[in-house]
Amino acid sequence: MAIRNIRISTDEVLRKICKPVKEITPNLLTLLDDMADTMYEANGVGLAAPQVGILKRVVVIDIGEGLVELINPEILETSGSQIDDEGCLSVPGKYAPVERPNYVKVKAMDRDGNEFIIEGEELMARALCHEIDHLDGILYIDKALPVEEA
Ligand code: NI
């Protein structure tokens, strides 16, 4: 397990489309372990593989309810909407409001290669959408609503 370098928003790697994982390899398991370490070290609630320079469809999330690892995640359903401030480890020190669905249902594969379904509401829905966007080269700043001047 190791801490990896988190890429910052001007890095082109964050704008690439990530490739699906075809097989679970020892390298992929190391990537998952390192991504969790890196997320916790940075006090983040989520991290996507391109943020550590790897163009694979892999995400880790922990909103304080335990680690969730998602390989090849796909959003199946969304409903409702919510607006709240969002941040990103690749955009350090900044926050801005983003509209997201209030509920999402996601299909993914776990580290044993088994497909599973995860549902999230509120912060979990936000984290799932934010991290899955990273896999398509999308940053939250692309979707941020204008901030009213105080
Ligand atoms: Ni992010």
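Just so it is clear, none of the values below were taken in a lab; they were calculated from the coordinates. A quick note: this is a predicted structure, and the numbers were derived from the prediction, not measured. Cβ atoms come from the backbone with ideal geometry, glycine included; neighbour counts cover every protein chain shown.
Can you tell me the alpha carbon radius of gyration of the stretch 1-76 divided by the globular rule-of-thumb value 2.2 N^0.38 Å?
1.04
Of all alpha-carbon pairs in the chain, indicate the percentage at a distance above 28 angstrom.
When all Cα pairs of the chain are counted, 13 percent exceed 28 Å.
Below 12 angstrom from the Cβ of Glu119, what's the summed charge of the other residues (Lys, Arg +1; Asp, Glu -1)?
Within the 12 Å Cβ shell, the charges total -1.
So in the chain, what percent of DSSP beta bridges are antiparallel if you round to the nearest 5?
Approximately 95 percent, going by the DSSP bridge assignments.
As I understand it, the value is the acute angle between the Cα axis of helix 26-41 and the longest principal axis of the Cα atoms of the chain; what does it come to in degrees, rounded to 10?
Tilt relative to the chain: about 30 degrees.
Report the residue, chosen from Pro50, Pro73, Pro92, that carries the largest GNM mean-square fluctuation when the chain is represented by alpha-carbon nodes joined by springs under 10 Å.
Of Pro50, Pro73, Pro92, the most mobile in the Gaussian network model is Pro92.
Sorted by average packing, counted as other Cβ atoms within 10 angstrom per residue and highest first, what order do 18-30, 79-91, 51-63 take?
51-63, 79-91, 18-30
Just to confirm my numbers, what's the Cα centroid distance between the stretch 1-44 and the stretch 105-127 in Å?
17 Å
Summing +1 for each Lys or Arg and -1 for each Asp or Glu, what net charge is found among the other residues whose Cβ lies under 11 Å from the Cβ of Arg4?
-3
Report, in debye and to the nearest 20, how large the dipole of the stretch 22-103 comes out about its Cα centre when Lys and Arg carry +1 and Asp and Glu carry -1 on their Cβ.
That gives a dipole near 300 debye.
Using a/c under 1.5 as the rounded threshold, could you call the stretch 53-138 rounded, prolate or oblate? The axes a ≥ b ≥ c are square roots of the C-alpha gyration tensor eigenvalues, and prolate needs a/b larger than b/c, oblate otherwise.
Oblate.
What percentages make up the Cα-Cα pair-distance distribution of the stretch 102-145 when the bins are 5 Å wide from 0?
Final binned percentages: 6, 20, 24, 24, 17, 6, 3, 1.
Counting only pairs 8 or more residues apart or on different chains, how many lysine pairs in the chain have their Cα atoms under 26 Å apart?
19
Using a cut-off of 10 Å between beta-carbons, work out the net charge of the residues near Ile17 (Lys and Arg +1, Asp and Glu -1, Ile17 not included).
It works out to a net charge of +3.
Do the sum for the chain: with -39,500 (n - 2.57) for every DSSP H run of n ≥ 4, divided by all residues, what is the mean residue ellipticity at 222 nm, to the nearest 500 deg cm²/dmol?
-6500 deg cm²/dmol
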